[in-house]
Amino acid sequence: MQQQIDALPRHAQPAMRELGRRSEAADHPFKRIATIVPAQRYRTGVSHQEPMAVVGKVGRREQVVAVSPAALMLGIHIGMAATHARALVSDLDLRPAEPEADAQLLDRLALLAVRRWSPIAAVAPPDGLWLDLTGCAHLHGGEGRFCQRLLRFCRRAGFTARVAIADTPGVAHALARFGPDDLTIVTSGDTVRALAPLPVAALRLEQATLIAARRFGFETVADLLPVARGPLARRLGLPAIHRLDQALGAVAEPITPHSDPAMPMVERRLLEPIGTAEAIGQVMADLLDDLVLVLQARGLGARALRLVALRVDGGEQMVAIGTSRPSRDAAHLLRLLKLRIERIDPGLGLEQFRLVAPHTEPLGAVDLGQVLAGEALMRDPARLVDVVAGRIGEEAVYRIAPVASHVPERAVRRVSPIAVPGGWPKWQRPVRLFAKPEPLWSVMALLPDQPPRRFEWRGRTHKVVAGDGPERIHGEWWRRDQEVWAVRDYFRIEDADGGRYWVFRRGDGVDNATGDLSWWIHGIFA
Amino acid sequence: MRAGALHEVSAASCALVDDAAATLFIAGIAAREALATGAPVLWASCRNDLYAPGVAQAGLPAASVIHVQPRDDKALLAVIEDAVRDGTPCVVIAEVRRISMVAGRRLQLASAEADLPILLLRQRRQRERDPLEEPSAAWTRWRIASAPSLPVEAAGVGRPQWQVELARQRGGEPFSLILEGCDETGRLAVPAASADRAVAAVGTARQAAA
């Protein structure tokens with residue numbers, strides 16, 4: 001092509017602008033649009049080989065809204081009644097539709113697209129994404145390679161995707177859903193030819209309009225094109241004309257991009273490099289004062305803060321803190337940050353500081369009605385938790401919450417320190433519980449349900465003077481096969497020296513399947 | 001018991017039963033304090049054999065305890081000092097094995113400043129060595145042992161009894177007596193039989209333990 005151009009006389013050579021696609025900057029801003037359609041709900045972990053269908057409520061009817069390829073081969077199709085599908089294929093994996101979760105996932109994908117592929121990206125509900133590739137395609141190695149990468153990414157993420165690139169959003173939308181191939185790239189100016197063979201439904205028309213079009217014998221877009229606009233508008237309505245014009249590029253269809261809110265960030269550059277702890281603390285205080293203003297303006301509270309300090313030699317020092325509740329209390333945040341000063345290595349000096357809040361949550365006004373009325377209030381432990389967690393780590397601070405289980409060692413679990421757990425049933429429980437029950441030796445006890453009379457534990461013989469029990473605890477058969485018949489009979493016993501122990505016997509003393517009648521000590525009462 | 005002060009409690013012997021009694025003695029004091037103020041209790045320990053349902057039966061429900069499990073005693077002392085200076089908890093409980101005189105003084109000062117009691121459960125470093133032999137800045141030092149319970153009419157275990165010994169207190173005399181263990185609100189009681197006998201001692205004990 002270049003040779004042909006060069007062969008022409010100079011005055012006859014076309015200007016750069018007329019060479020079309022090679023000057024991308026001259027393109028219409030809404031020309032180069034790609035649409036990806038993540039085919040619905042094929043999450044990772046779901047095998048595509050199994051026949052599976054998603055059932056949703058359409059009107060008052062339960063019907064299939066999405067099917068897997070395997071189910072499609074078995075004759076299940078979208079729009080079929082759920083009961084019909086179940087009758088056709090008895091082992092069909094039917095799952096309820098989650099439109100909200102789908103929308104959230106799509107939102108996250110759009111955010112990813114904004115961050116990685118194109119600054120103008122938006123959700124095309126219910127199942128697509130718009131990406132405006134104008135001026136971005138060359139960053140990803142051209143349109144073809146970009147589409148390949150996009151398809152590969154979607155496959156890795158567990159989606160089956162269809163990609164179309166065209167001059168207008170309408171055509172891209174139509175080709176991604178009704179086109180013959182998974183990947184369609186329409187060269188510039190070929191819009192009409194690409195659109196013509198598609199069915200009328202590809203134009204994003206209303207259901208009533210589609211019925212009207214069928215009545216008038218319009219099957220494909222090609223049938224619509226030669227018809228005069230006036231009669232067409234009278235038959236199909238003005239919105240249909242508008243959609244057609246949007247697809248052909250006669251009417252602009254701007255994309256409202258998905259916004260990626262910037263993280264609150266403040267920065268200080270110092271005249272002289274600093275290195276002392278006091279000076280760093282001062283900078284932290286100044287930065288926090290600035291950041292609190294930023295957060296206040298946006299109505300946010302910080303859940304995490306990151307302080308990045310730039311050293312004179314170009315190295316970066318980073319410290320991070322987290323809070324258990326959103327906060328913009330400068331004094332509190334400063335105290336947490338100061339705990340981290342010792343982890344900053346100033347080297348030859350630090351000359352630039354940046355404080356970022358990577359994780360923020362909305363923080364509005366607090367209702368103080370109860371406090372003003374002087375009613376009893378629970379002091380909020382969040383501040384204390386932050387201070388302690390800042391020193392020894394988040395996982396070392398916890399509360400203990402009940403679990404609905406009668407097996408003692410399973411009745412507790414650790415939860416977040418700002419949760420408010422409930423209580424346990426009022427069975428007598430020891431204050432110290434061994435992680436593993438310890439075996440008792442030379443136990444003398446009457447079967448089936450008397451506490452032991454004497455036992456040996458850790459090399460000492462104990463003579464029992466009183467005992468309560470048994471408290472029978474059955475194994476949890478739904479957890480393990482070994483526990484189906486297992487029984488523990490717990491006794492609270494007191495020895496002659498006043499020690500009170502919690503011992504148990506495996507087995508109920510009657511049936512051998514319940515345990516081997518061995519004795520164990522599990523805890524100590526006060 | 002004085003609020004803004006450091007108190008030490010230790011088991012009378014190396015037996016686990018005495019340790020359990022000392023633990024519950026502390027839990028009972030904290031339970032009364034938590035009930036009165038509505039603030040959480042901070043329980044710092046390097047061990048993890050504390051059984052929360054048992055502690056809840058001494059009047060300290062799970063909702064009012066925040067557990068902290070540091071790696072060693074050094075981190076533990078730093079954490080409880082932070083917590084005392086923060087002032088949110090109503091009682092700070094710490095199970096420590098080794099605490100120097102200086103660290104004890106520090107805690108005592110912090111505690112007096114914040115008007116917030118610190119209860120130290122002293123664990124034994126060696127089997128035969130009483131932790132209360134070491135010098136300390138604590139306001140009171142208690143030694144707890146479990147004692148045989150009074151026999152009940154039916155076959156069974158009676159209400160637990162403890163041998164409570166106040167080994168040392170500032171501005172007061174040491175004493176020793178047998179008390180009944182915590183009930184579900186964390187209160188101790190004087191056994192019915194000795195209630196008539198030692199009226200004077202009871203008065204001191206009530207003030208000391210309440």
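Things to note:
- The set of residues in region B:115-174 being facing another protein chain (nearest Cβ under 10 Å) and aromatic (F, W, Y) consists of B:W162 alone.
- Of the strands (runs of 3 or more DSSP E) lying entirely inside region A:449-526, those containing at least 1 residues that are open to solvent by less than 20 Å² (accessible area, probe 1.4 Å) and among the basic types (K, R) span A:500-506.
- Residue count for region A:487-501, restricted to those that are more than 8 Å from chain B (Cβ to nearest Cβ) and closer than 17 Å to A:S442 by Cα: 2
- Matching residues, region A:301-315, being hydrophobic (A, V, I, L, M, F, W, C), surrounded by fewer than 19 Cβ atoms within 10 Å (Cβ to Cβ) and over 11 Å from A:R354 (Cβ atoms): A:A304, A:V312
- Residues of region A:55-62 include at least one that is at pLDDT below 85, over 30 Å from A:L150 (Cβ atoms) and of a type in the set (A, V, I, L, M, F, W, C).
- In region A:379-426, the qualifying residues are those that are more than 8 Å from chain B (Cβ to nearest Cβ) and among the hydrophobic types (A, V, I, L, M, F, W, C), and the one that is surrounded by the most Cβ atoms within 10 Å (Cβ to Cβ) is A:A389.
- Picking from residues in region A:307-339 that are under 30 Å from the mean Cα position of the chain (by Cα) and in a loop (DSSP other than H, G, I, E, B), the one that is nearest to A:V266 (Cα to Cα) is A:R328.
- Among (1) surrounded by fewer than 17 Cβ atoms within 10 Å (Cβ to Cβ); (2) at pLDDT below 90 - the single one A:M318 does not satisfy: (2)
- The C-beta contact set for region B:167-192 (first residue farther than 30 Å from B:P61 by Cα and modelled with pLDDT of 85 or more, second residue surrounded by 13 or more Cβ atoms within 10 Å (Cβ to Cβ) and of a type in the set (A, V, I, L, M, F, W, C), distance under 6 angstrom, 6+ apart or interchain) comprises B:R170/B:W139; B:P174/B:L166; B:P174/B:A167; B:F175/B:L166.
- For A:L94, the criteria (1) assigned to a helix (DSSP H, G or I); (2) open to solvent by 30 Å² or more (accessible area, probe 1.4 Å) hold in every case but one, which is (1).
- Only one of A:R177, A:R243, A:R214 that is of a type in the set (K, R) and surrounded by fewer than 17 Cβ atoms within 10 Å (Cβ to Cβ): A:R214
- Tabulated pairs, region B:84-113, first more than 14 Å from chain A (Cβ to nearest Cβ), second assigned to a loop (DSSP other than H, G, I, E, B) and not small (G, A, S), C-beta under 6 angstrom, 6+ apart or interchain: B:R97/B:Q123; B:R97/B:R125; B:M101/B:P135
- Identity of the residue in region A:65-89, in contact (Cβ under 8 Å) with a residue 24 or more places away in the chain and of a type in the set (A, V, I, L, M), that ends up most open to solvent (accessible area, probe 1.4 Å): A:V65
- Tally of residues being touching a Lys or Arg at 6+ places or on another chain (Cβ under 7 Å) and open to solvent by 10 Å² or more (accessible area, probe 1.4 Å) across region B:20-31: 0
- Residue match in region B:48-60 (condition: within 11 Å of chain A (Cβ to nearest Cβ) and surrounded by fewer than 20 Cβ atoms within 10 Å (Cβ to Cβ)): yes
- Per the listing A:E494, A:E471, A:E456, the residue uniquely at pLDDT 85 or above and either among the basic types (K, R) or under 50 Å from the mean Cα position of the chain (by Cα) (or both) is A:E471.
- A:P257 being part of a loop (DSSP other than H, G, I, E, B) and out of contact with any strand residue (DSSP E or B) (no Cβ under 9 Å at 6 or more places or on another chain): no
- Subset of region A:246-269 [open to solvent by 50 Å² or more (accessible area, probe 1.4 Å), among the aliphatic types (A, V, I, L, M) and at pLDDT 85 or above]: A:L248, A:A250, A:A252, A:M265
- For region A:428-442, the candidate set comprises residues that are out of contact with any His (no Cβ under 6 Å at 6 or more places or on another chain) and more than 8 Å from every other protein chain (Cβ to nearest Cβ); within that set, the residue that is least open to solvent (accessible area, probe 1.4 Å) is A:L440.
The values are calculated or read from the model by the stated rules, or taken from the named source; none is laboratory data. These numbers were taken from a predicted model, which means no experiment stands behind them. Cβ: placed from backbone, ideal geometry, glycine included. Neighbour counts: every protein chain shown. To get the accessible areas, we keep the full protein, side chains included, count just its heavy atoms, and leave off ligands, DNA and RNA. Shrake-Rupley method; radii C 1.70, N 1.55, O 1.52, S 1.80 Å.
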